[in-house]
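The values are calculated or read from the model by the stated rules, or taken from the named source; none is laboratory data. The model shown is predicted, which means the values in this text are computed figures rather than measured ones. Here the Cβ positions follow ideal geometry from the backbone for every residue, glycine too, while neighbour counts run over all protein chains shown.
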Amino acid sequence: MDRVELPARRREEREPAHDLELTCMRNLLSAAEERVYFKDKLSRFLMVSAGWIAAYAPGRPAADVIGKTDFDVFSGPHASAAFHDEQQVIDTGEPLVGRVELETYGGQADTWVSTTKMPLRDEHGRIIGTFGISRDVTAQVRAENTLAEQALQLTAQNESLRELDRLKDEFISMFSHELRTPLASILGYAEILREGGVSGPEAGHCAEVIERNAQRLLHLVGDLQVLSQIQSGQLAMDFRRADLAGLAASAVEELRPQARDKHIDLSLAVTDVPRLVVDPARIAKLIGNLLSNAVKFTPDGGRIEVRLGTEAGQAVLTVADTGVGISAADRERIFERFYRTAIARRQEIQGTGLGLTISQAIVDAHHGTITVDSEEGRGSTFTVRLPLPSAPDQP
């Protein structure tokens, strides 16, 4: 008798135990604040916790969710991604642990959650679905993003400080070099004049050298003042109607002695260009900078052509030389302040690296463009385009 009744007793004992497990599970889920769910193999909800309902379906009884899928709660893309993950867990039996993902659903703000999904097995170990738990990590993700942004900003600031430090060193080196030569000439010839023994043409030559080097220093100080105005966004402009051809001709004549000293053929070709509303002094400075660079970087016996005309509603000024040219790497940086090309440094050609920076600022202030076409060893052509007035009588 005992051998017959024992299996029946065990079955009776097992059924209340199974019911007790379900009761405990339901009570646990109804009280848990964590977002817990159980799903079948088709990703339909079997059970959800109170925390899950509060987060994703507030105000709805848990029974309303049973039998439904993520597509009834979340956005299509998120539901599709969740279904894919759950089917992967079912197919492989491998859990997905600590997956951080963005949950999107209507009526509420999107949240970041850390989700763990595991296979749901029956008493024989067969996979019959999935279960998972999600934890809201929105505050943590936002804090991490903020820290990452701050780190990027700090890195950028450090790079900026390093660049400023580099520019400071270059400026000090350049400034001391540019000051040393003219000051030495001024002091040397002043000493000659002070000691006497020179008169007539020799005295005039001493005065000429002193004046030329003083003008060079004055030019340097002027460039630094203009650079300061550019950096502060306060480049002073005095617009008035002016003859661009006349400005170009004056700039060419001013540089002709230097070109003649190097046996450079300097020519100017002008077609009809209407008078423009510009800052004459700034435009003269612009043309002078381009011509000065052309003379400095063109070897003896070379050629410089200055052309001025109109094209497509613009005044077009080009300065083309047969000089040493500019490498591709240098072309990317020649308009940067204090930047000097490799060949300028190698051949110790004097200059501050400010001329093209100032030139571009002047062109920008006139709503124009400046470009360069050059190859190393084949000369350079700088082209400036300035908008023409919309009508001949435009003030």
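Out of SER199, SER176, SER232, SER160, one residue alone is under 33 Å from the mean Cα position of the chain (by Cα), free of Cβ contacts under 8 Å to residues at least 40 places away in the same chain and farther than 29 Å from ASP364 by Cα. It is SER176. Quick check, is ALA329 among the small types (Gly, Ala, Ser) and under 17 Å from ARG256 (Cβ atoms)? For ALA329, the condition - among the small types (Gly, Ala, Ser) and under 17 Å from ARG256 (Cβ atoms) - is not met. Scanning the range 235-275 for residues that are under 41 Å from the mean Cα position of the chain (by Cα), free of Cβ contacts under 8 Å to residues at least 12 places away in the same chain and part of a helix (DSSP H, G or I) returns a single hit, GLY246. The residue that is surrounded by the fewest Cβ atoms within 10 Å (Cβ to Cβ), among those in the range 27-47 that are modelled with pLDDT under 90, touching a strand residue (DSSP E or B) at 6+ places or on another chain (Cβ under 7 Å) and outside any strand (DSSP E or B), is GLU34.
Against the numbered list (1) assigned to a loop (DSSP other than H, G, I, E, B); (2) at pLDDT below 85; (3) not basic (Lys, Arg), VAL226 comes up short only at (1). In the set (1) of a type outside the set (Asp, Glu); (2) loosely packed, with under 14 Cβ neighbours inside 10 Å; (3) modelled with pLDDT under 80, the condition left unmet by HIS219 is number (2). Taken over the range 117-136, the criterion of being without any contact (Cβ under 8 Å) to a residue 60 or more places away in the chain and crowded, with 18+ Cβ neighbours inside 10 Å is satisfied by LYS117, PRO119.
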